[in-house]
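Reading through the structure tokens given below for one structure.
The values are calculated or read from the model by the stated rules, or taken from the named source; none is laboratory data. This structure is a prediction, so every number in the text was calculated from the model and none was measured. Because the Cβ atoms are built from the backbone with ideal geometry, glycine has one as well, and the counts that use them run over all protein chains shown. Ligands, DNA and RNA are excluded from the accessible area calculation, which covers all protein heavy atoms including side chains. Shrake-Rupley method; radii C 1.70, N 1.55, O 1.52, S 1.80 Å.
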Amino acid sequence: MQPLSPMTRALWAAGVSAALAASLFLAIAISSDNFVAFLPTHAVLLMALILSSDAKLRLVMVGFAALTSMMISSTLGGSLIAAAAFAIANTGELLIAALLIERLRRPSDAKTALQATKDPKIEWRPQYSADRDCLTGLASRALLIELIGAAKSRSDDVALLFIDLDNFKSVNDTFGHNIGDYLLKTVAGRLRGSVKETDIVARLGDDEFAVLLDRGTQPAAAEIVARRISDLLNAPMTVGGHDIRVGASIGVACWQPDTSSAWELFRRADAALYSTKSTGRGNYKFFEPDMDRRLQQRQELEQDLRKAVADRSFDVHYQPIVRLATNELIGLEALIRWNHAKRGRVSPAEFIPVAEELGLIAPIGDWVLRRACHDAARWPAHVKISVNFSRAQFECPHVVDRLKSALSETGLAPNRLQLEITETTIMSDFAKANALLGELRELGIETAMDDFGTGYSSLSCLRNCSFDRLKIDRSFINDLTTSLEARLVLSTIVKLARTLGMHTTAEGVETMEQYDIVKAEGCSEIQGYYFSAAKSAAEVSAYFESGANSVSVASGIKPQSIAQ
């Protein structure tokens with residue numbers, strides 16, 4: 001129901017007052033004695049109308065009042081026609097009162113939403129209304145859609161902002177859901193404080209919010225609000241005693257002549273938000289027609305990815321890991337590959353982030369793990385298989401039992417499996433992670449800290465967690481031939497690992513110069529295109545069946561068979 005203008009409200013009140021006065025006058029004029037006799041019943045029915053919460057029940061009461069007044073009028077004397085006239089006149093004000101109560105009981109949607117954003121106790125009453133978010137008390141997605149239409153009927157200057165918290169999942173994973181909920185309430189408060197009282201703030205679900213504007217000249221007003229919100233949410237917050245920098249991405253859509261509906265404005269704001277997130281996050285963008293195409297491509301990728309997971313349409317290739325002291329192939333890293341019927345080969349850099357956002361990374365990781373163990377079981381016993389182990393897998397219930405099951409089903413010895421774990425995964429719940437690393441060690445499963453040096457807590461992880469090896473990130477290898485500082489960092493990492501009793505694997509070695517430096521600095525193993533790109537299981541099997549035990553690096557000649 002749309003809110004009434006001040007003039008309409010005044011006319012409506014005057015009309016109700018006139019109708020009430022006319023009804024009372026007619027009832028008394030027809031029969032003052034009957035009116036006095038009906039007063040007790042009239043008072044009871046009026047009180048019942050006020051207390052009743054059901055519109056249909058109030059109308060039934062009005063009908064009962066008409067019947068009762070006719071009976072009283074007939075009893076006191078008079079014709080049937082006179083009794084009917086008295087009943088109509090006497091119950092007229094009750095009918096008007098019923099309509100008035102109905103109107104008062106149903107405030108405008110905009111007023112309801114505004115109350116929902118301002119009432120501090122609203123979070124305890126969400127179950128009574130689908131229009132309110134149960135955690136923050138903000139307007140819900142369903143109410144927002146209705147309010148967009150109401151806003152458009154009042155003004156052409158309507159804008160919708162979609163706001164997505166960039167690092168909310170990380171906060172939940174690191175500090176727990178209680179802090180996460182507290183953060184959402186804090187964000188809701190900041191959003192309410194950044195807009196006018198007439199603007200609507202809504203929570204769309206999880207870490208997504210929206211702001212509806214229908215005042216000011218667009219898009220200028222929307223840009224001012226978007227910049228203000230971006231500054232507020234990208235600034236540090238103190239939540240539950242923790243200093244948190246969550247960040248936010250914002251998509252903005254203004255109502256245009258070709259905007260066909262509230263849902264269309266909704267979709268455009270979503271497209272603008274996706275564009276912001278895909279080009280850096282922590283900023284805001286206005287909708288542009290080309291964003292539709294990119295959003296459609298993203299949605300199609302999501303659909304194809306879900307189908308690929310269901311159909312197990314992936315493959316696993318293996319990149320050799322070579323021991324520098326003997327040039328012996330001692331391990332292989334399992335790397336997922338996706339060849340789509342229409343898209344062709346889809347890069348992991350393109351679909352892995354999407355899988356993480358969709359919550360598909362754990363089932364994908366489990367499938368890769370089992371497939372890698374199955375393939376490795378057919379290869380020589382001295383060859384280890386290295387598998388990336390995601391945070392989602394690490395945090396799964398009964399993770400150790402799942403690993404035992406994979407090893408048992410494939411027949412791979414536990415000491416041949418190595419799990420690559422990032423320091424971010426470890427630091428998300430250090431106590432739990434350290435305990436789990438101990439259980440893996442007891443099983444005989446090796447662990448490697450992946451991408452060492454790229455996080456903010458590498459030394460803390462090394463001091464408190466026992467890994468078997470460090471995988472030195474390729475970013476340190478790329479600059480070895482041009483930067484003395486890069487070589488000094490590499491040398492320091494190798495010495496540190498040796499002191500802690502860990503092996504080192506240099507990733508991304510692509511040239512003979514890089515190979516010579518890595519070997520001179522004392523790395524244990526290397527991995528990269530200098531030896532071989534990742535190969536299919538069939539190619540790896542053929543390499544081992546050829547009887548090769550080592551690879552040649554003399555004069556830059558890459559290993560035969562496996563590198564071809």
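May I ask you to verify whether Lys404 is in contact with a helix residue (DSSP H, G or I) (Cβ under 6 Å, 6 or more places away or on another chain), touching a residue at least 24 places away in the same chain (Cβ under 8 Å) and charged (D, E, K, R)?
no
Just to be sure before I move on: is Leu204 hydrophobic (A, V, I, L, M, F, W, C), within 16 Å of the chain's Cα centre (by Cα) and not assigned by the TED database to the domain that holds Gly280 in the structure I sent? Quick ask: steps written out before the conclusion?
On the way: hydrophobic (A, V, I, L, M, F, W, C): yes; within 16 Å of the chain's Cα centre (by Cα): yes; not assigned by the TED database to the domain that holds Gly280: no.
No; evaluated as a whole, the condition is false for this residue.
For residues that are more than 18 Å from Pro363 (Cβ to Cβ) and of a type in the set (Gly, Ala, Ser), scanning just region 327-343, find the one that is surrounded by the most Cβ atoms within 10 Å (Cβ to Cβ).
It comes out as Gly331.
Which residues, taken from region 333-363, are aliphatic (A, V, I, L, M) and closer than 24 Å to Gly528 by Cβ?
Step one: of region 333-363, the residues aliphatic (A, V, I, L, M) are 334-336, 341, 346, 349, 352, 354-355, 358, 360-362.
Answer for region 333-363, where residues must be aliphatic (A, V, I, L, M) and closer than 24 Å to Gly528 by Cβ: Ala334, Leu335, Ile336, Val346, Ala349, Ile352.
Tally up the residues in region 381-414 that are open to solvent by less than 20 Å² (accessible area, probe 1.4 Å) and either more than 16 Å from Leu440 (Cα to Cα) or not in a helix (DSSP H, G or I) (or both), please.
Matching residues across region 381-414 total 6.
Which one of these does Ala341 not meet: (1) among the aliphatic types (A, V, I, L, M); (2) closer than 26 Å to Ala538 by Cβ; (3) at pLDDT 90 or above?
Result: Ala341 passes all but (3).
For Leu295, are the conditions met, namely being of a type outside the set (S, T, N, Q), in contact with a Ser or Thr (Cβ under 9 Å, 6 or more places away or on another chain), open to solvent by less than 50 Å² (accessible area, probe 1.4 Å) and farther than 21 Å from Arg370 by Cβ? Before you say what the answer is, go through the steps one by one.
Numbers: of a type outside the set (S, T, N, Q): yes; in contact with a Ser or Thr (Cβ under 9 Å, 6 or more places away or on another chain): yes; open to solvent by less than 50 Å² (accessible area, probe 1.4 Å): yes; farther than 21 Å from Arg370 by Cβ: yes.
Criteria met by Leu295.
So is Cys396 hydrophobic (A, V, I, L, M, F, W, C), within 26 Å of Val354 (Cβ to Cβ) and either modelled with pLDDT under 90 or outside the structural domain of Leu324 (by the TED database) (or both) or not?
On the way: hydrophobic (A, V, I, L, M, F, W, C): yes; within 26 Å of Val354 (Cβ to Cβ): yes; either modelled with pLDDT under 90 or outside the structural domain of Leu324 (by the TED database) (or both): yes.
It is true that Cys396 is hydrophobic (A, V, I, L, M, F, W, C), within 26 Å of Val354 (Cβ to Cβ) and either modelled with pLDDT under 90 or outside the structural domain of Leu324 (by the TED database) (or both).
Can you tell me which condition Ser278 does not meet? The list is (1) open to solvent by 60 Å² or more (accessible area, probe 1.4 Å); (2) small (Gly, Ala, Ser); (3) not assigned by the TED database to the domain that holds Ala188, and all the others hold.
Exception for Ser278: condition (3).
Go over the candidates Val322, Val252 one by one and state the one that is farther than 30 Å from Thr505 by Cβ and open to solvent by less than 10 Å² (accessible area, probe 1.4 Å).
Val252
Considering only region 222-253, state which residues are assigned to a loop (DSSP other than H, G, I, E, B) and either within 17 Å of Leu212 (Cα to Cα) or of a type outside the set (S, T, N, Q) (or both). Working first, answer last.
Here is the first cut: in region 222-253, the residues assigned to a loop (DSSP other than H, G, I, E, B) are 234-236, 240-241, 245-247.
Within region 222-253, Ala235, Pro236, Gly240, Gly241, Arg245, Val246, Gly247 meet the criteria.
Could you grab me the full set of residues in region 170-210 that are within 19 Å of Glu146 (Cβ to Cβ) and modelled with pLDDT of 90 or more?
Val195, Asp199, Ile200, Val201, Ala202, Arg203, Leu204, Glu208, Phe209, Ala210
Mind checking whether some residue in region 519-533 is of a type in the set (S, T, N, Q), modelled with pLDDT of 90 or more and in contact with a helix residue (DSSP H, G or I) (Cβ under 7 Å, 6 or more places away or on another chain)? Write out each step before concluding.
Kept after step one, since they are of a type in the set (S, T, N, Q), are these residues of region 519-533: 524, 527, 532.
With the extra rule that they be modelled with pLDDT of 90 or more, the set shrinks to 524, 527, 532.
Still in the running and in contact with a helix residue (DSSP H, G or I) (Cβ under 7 Å, 6 or more places away or on another chain): none.
No, that holds for no residue.
So, Gln303, is that one without any contact (Cβ under 8 Å) to a residue 60 or more places away in the chain and open to solvent by 10 Å² or more (accessible area, probe 1.4 Å) or not?
Values: without any contact (Cβ under 8 Å) to a residue 60 or more places away in the chain: yes; open to solvent by 10 Å² or more (accessible area, probe 1.4 Å): yes.
Yes, satisfied.
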